[in-house]
Amino acid sequence: MANVPDKLTKPYDPAQTEGRIYKEWEDGNHFAPQGKGESFTIIMPPPNANGDLHAGHALFITLEDIMTRYARMQGKRALWVPGADHAGFETQIVYEKKLEKEGRSRFKMSREELYQEILAFTLENKTNMEAQVRRLGASCDWSREKFTLDPEVVAEVGRTFKKMFDDDLIYRGERIVNWCSKHGTSLSDVETEFVEQVDPLYYLQYGPFVIATTRPETKFGDKYVVTHPDDERYANYTHGQQLELEWINGPITATVIKDDVIDMNFGTGVMTITPWHDATDFEIAKRHNLSKEQIIDEHGKLLPVAGDLAGLKIKEARAKIMEKLQAKGLIVKVEDKYNHAVKTCYKCGTAIEPQIRDQWFVKMKPLADQAVKAVNDCQIKFIPDNQRKIFLYWMENTIDWNISRQIVWGIPIPAKICDACRSGMPDLENKITTCPSCSGPMRTDTDTFDTWFSSGQWPQLVLGYPDHADFKTFYPTSVMETGHDLIFKWVPRMVIFGLYLTGQVPFHTVYLHGLVNDAKGQKMSKSKGNVVSPEELINEFGTDALRMALVVGNTPGTDLALARDKVKAYKHFANKLWNVARFIITELEQNKDWVKTDLTEIDHLLLKQFEAVIKEVTGDLEHYRFHLAAEKLYHYIWHELADVLIEESKIILKTDAANSRRQLLFKILDGSLRTLHPFMPFITEEVWSLLTPHHSNHQLLIITPWPLSSNL
RNA sequence: GGUCGAUUAGCUCAGCUGGUUAGAGCGCCACAUUGACAUUGUGGAGGUCACAGGUUCGAGUCCUGUAUCGACCACCA
């Protein structure tokens, strides 16, 4: 055993290997695109800079790395650009919790102070996040990394805002927004969640009508009563008819409205409306040009319209209102257990209190139409294909997009607002001081952009649209790989911005992976305590094992159950590969004088069989069937190469056919390492280095050509 | 209420364009220490591919319906 490399006398140890090899790749600048070949580009969905990577990150990094490494080995100019997301609302919430623990509040800090604190916090965490991406073996080009708050990003996002305003695609408008009174900001629809809730349903006497409501505390200002035009029960009342009636705080004049949005079968078929605090009511008021009054302020407290209850929080007010109604004999009945869905803030669970606010909106219809057209023209391929339907459904049912957020941690909207005439306009150079329409003073908009407004432009921003050479070389990108939960949050916005800004789709293929769940298929969550951290799994089993566990058996778009035992199984596989290498390399080292001969007929056939496997695996990779490719390699290496070929070689290597067999084993190990490299980059690179003395080519595996029958 | 998907071995899931006795991992049972590997090897048990129809020479694979589960969407106060 004198000539056997020292490493091969010991078991494979990922902890001793992976960090060293990653450094070798990175120091050798092997992640940067090389050559002048066909370009292949993936833009990494930027992980949140504020925390640790979770299993979902591990999955997408593995998938994107497989694609990138495969493309690189094929000789393409492969570029995978990493990023870090400031994750506006998300991060601010994390930071607010931190402040809360310290007994502080963001509402007591200056904007600038808060921004700087969160920036420091984020940049500190960013390094941590990047280190975790590296540990997963990501062969992304760090020299091109972008942070979502980089100055050039912020500037370009501002220019897009102005361009869209000039093109009449952005307007400032009074609209009902989802308002979270805890966070003091509006939210987009995708940032809210419906929660099933059981509440009492109150039946109240409203003049001659009985109305049903779950929210009596909003009813102070209600002076319109709405019925369905076809409802015969109320045929005696006509649209626009006025009625005098006794209400919570005394007599009021109510107006009858007929609108077919009313469900005749719900409650009594009559409702009163609160346009300021309900989306449906707002639409009714808009249709009939009704007046609107604010009842609840932005902190969730009642305004003076509530009379002696003004200043009370909604929850406290309800009981008192019921007392008042009771005293006036206006409560007809109360149904105790009414089951309904309540819109809540997806972060804090606070019930959304819709509010009317002046905000910036993007007109979605014309933009969405373009996106639909591009997809129908097959300019974008979806994997799996059914996601295409979901995309189209989403794009065909758009509503205007509220891009204003009342949070500090984000890209400031470069605009000026005139409070006098409530107009607003972009002001990239911060020059406008007086309102062009009413000559009033203009103030700087204090709102920030919705995160998706900037991340929707990510493929362009990352590549330095419009002038940078990278943009010219690598745009449109090849694949966008992301979670299927982002098929409507993120993907459509990227398509829209891509088409709008560049006239081209931002990527030709969208690959959507599923969620990574726990071993039982349950969603991982901190409250359930079933969160599996990739970091721990790597420490225990190695990155390569984790990567295989994430890929094998995982079809695109489908959720994955990640069991510890599965990762363990692929650690065993790594061990198997190591021992295969140990056997073969030892054999070669001990017979250094072996001469290359023609393969025997049998060995030739065996090589052909191996080539057939490579061909299949190549086909699977071409069609994004990573799960099949990985499984086939696993199966071949373990049950063909190890179990059959090596076993029988123990005899054959003592016969005349030894040299042919040595050559066969060498070629198969060589090809196996190359095909397996995208999946298990570390161990394959390590074994490759041990095989190097037997090679004519001494370069690292990461930049070695993909095996074909011609180069085996 | 709507959309999409799932239903295959004890568990978690593959099965790509329909084609011989339905596969993997883990688990289970019985043996085994031979030039790498016990993080192992050999062999084995275990499935009416949810149900009912249909298309076809042939269906787990295509079509229709039913049931159950799941995810997502939705202005029923």
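Here the calculated FRET efficiency for A:ASP559 and A:HIS635, from their Cβ-Cβ distance with R0 = 30 Å, stands at 0.80, rounded to the nearest 0.05.
A quarter of the convex hull surface defined by the alpha-carbon atoms of chain A gives 36.9 nm² as the mean projection. Under 5 Å from the amide H of A:SER39 lie the amide H atoms of A:ARG77, each residue being 5 or more positions distant or on a separate chain, with H modelled from the backbone and absent for Pro and chain starts. Full extension of the chain between A:THR655 and A:THR597 yields a length gain of 19.5 nm, computed as 0.36 nm times the residue separation minus the alpha carbon distance.
Which helices, taking whole DSSP H runs in chain A, have alpha carbons extending 30 angstrom or more along the helix axis plus mean Kyte-Doolittle at least 0.0? Show your work: numbers first, answer last.
Numbers: long enough: A:111-135 (36 Å, -0.93); A:564-590 (39 Å, -0.58); A:601-622 (31 Å, 0.03).
Passing helices, by number: A:601-622.
Summing Lys, Arg as +1 and Asp, Glu as -1, what charge do residues with Cβ under 13 Å from the Cβ of A:THR122 carry, A:THR122 excluded?
Cβ neighbours under 13 Å give a net charge of -4.
One decimal place: the segment A:SER110-A:ALA469 gains 125.2 nm when fully extended, by the rule 0.36 nm per residue minus the C-alpha distance. About its Cα centre, the dipole of chain A is roughly 420 debye, where the only charges are +1 on Lys and Arg Cβ and -1 on Asp and Glu Cβ. Net charge within 13 Å of A:ALA642 by Cβ-Cβ distance, Lys/Arg positive one each and Asp/Glu negative one each, not counting A:ALA642 itself? With Lys, Arg at +1 and Asp, Glu at -1, the net is -1. Would you calculate a helix-derived [θ] at 222 nm for chain A, using -39,500 (n - 2.57) for each DSSP H run of n ≥ 4 and dividing by the full residue count, to the nearest 500? Helix-only estimate at 222 nm: -12500 deg cm²/dmol.
Approximating the spin labels as points 7 Å out from Cα along Cα→Cβ, the A:GLU193-to-A:LYS431 distance works out to 4.7 nm. Taking a ≥ b ≥ c as the square roots of the eigenvalues of the Cα gyration tensor of segment A:154-285, is the shape rounded (a/c under 1.5), prolate (a/b larger than b/c) or oblate? Judged from the Cα gyration tensor, segment A:154-285 comes out prolate (a/c at least 1.5, a/b above b/c). Extension gain for A:ALA131 to A:ASP358 (0.36 nm times residue separation, less C-alpha to C-alpha distance): 77.5 nm.
On a per residue basis, chain A carries 43 Å² of accessible surface, using protein heavy atoms and a 1.4 Å probe.
Using only alpha carbons, segment A:6-142 has a radius of gyration to Kirkwood radius ratio (Rg to Rh) of 1.10.
Protection proxy ranking of A:468-475, A:92-99, A:328-335, by the mean of other Cβ atoms within 10 Å over each peptide's residues and highest first, is A:92-99, A:468-475, A:328-335.
Couplings 3J(HN,Hα) of segment A:349-357, computed from phi: x, 5, 4, 5, 10, x, 9, 8, 9 Hz, in residue order, whole Hz [Karplus 6.51 cos²θ - 1.76 cosθ + 1.60, θ = phi - 60°; x for Gly and Pro]. Think of chain A as having a plus end and a minus end, set by charges on the Cβ of Lys, Arg, Asp and Glu; of A:ASN125, A:ALA317, A:TYR171, A:ASN125 sits farthest toward the positive end of this dipole.
Positive contributions from Lys and Arg (+1) and negative ones from Asp and Glu (-1), summed over other residues with Cβ under 14 Å from the Cβ of A:LYS313, come out at +1. Once backbone amide H atoms are built at 1.01 Å from N, A:THR185 has A:CYS180 as its partners under 5 Å, excluding neighbours fewer than 5 places away on the same chain. Relative intensity of segment A:239-373 on a log10 scale, I(q)/I(0) at q = 0.11, 0.14, 0.20, 0.22 Å⁻¹, equals -0.56, -0.90, -1.69, -1.74, per a Debye sum over C-alpha point scatterers of equal strength in the absence of solvent.
How big is the antiparallel share of DSSP beta bridges in chain A, given as a percent to the nearest 5? Let's see the in-between values first.
Details: 53 of 77 bridges.
Around 70 percent antiparallel, to the nearest 5.
Here the label points at A:LEU700 and A:LYS333, each 7 Å from Cα along the C-beta direction, are separated by 7.6 nm in the simple model. Here the calculated FRET efficiency for A:GLU244 and A:CYS438, from their Cβ-Cβ distance with R0 = 41 Å, stands at 0.55, rounded to the nearest 0.05. Take the alpha carbon gyration tensor of segment A:549-649, find the square roots of its eigenvalues, order them as a ≥ b ≥ c, and report rounded if a/c is under 1.5; if not, report prolate when a/b exceeds b/c, else oblate. Since a/c reaches 1.5 but b/c is at least a/b, the shape of segment A:549-649 is classed as oblate. A protection proxy built from the mean count of other Cβ atoms within 10 Å ranks the segments A:560-573, A:172-185, most packed first, as A:172-185, A:560-573.
The calculated P(r) of segment A:294-451, using every Cα pair and 5 Å bins from 0, goes 1, 7, 9, 11, 12, 13, 12, 11, 9, 7, 4, 2, 0, 0 in percent. Shape class of segment A:268-330 from the Cα gyration tensor (axes a ≥ b ≥ c, square roots of the eigenvalues): oblate, since a/c reaches 1.5 or more and a/b does not exceed b/c.
The values are calculated or read from the model by the stated rules, or taken from the named source; none is laboratory data. All values reported here derive from a predicted model rather than from experimental measurement. As a convention, Cβ positions derive from the backbone with ideal geometry for all residues, glycine included, and neighbour counts pool all protein chains shown. Keep in mind that these areas ignore ligands, DNA and RNA; they rest on the heavy atoms of the full protein, side chains included. Shrake-Rupley method; radii C 1.70, N 1.55, O 1.52, S 1.80 Å.
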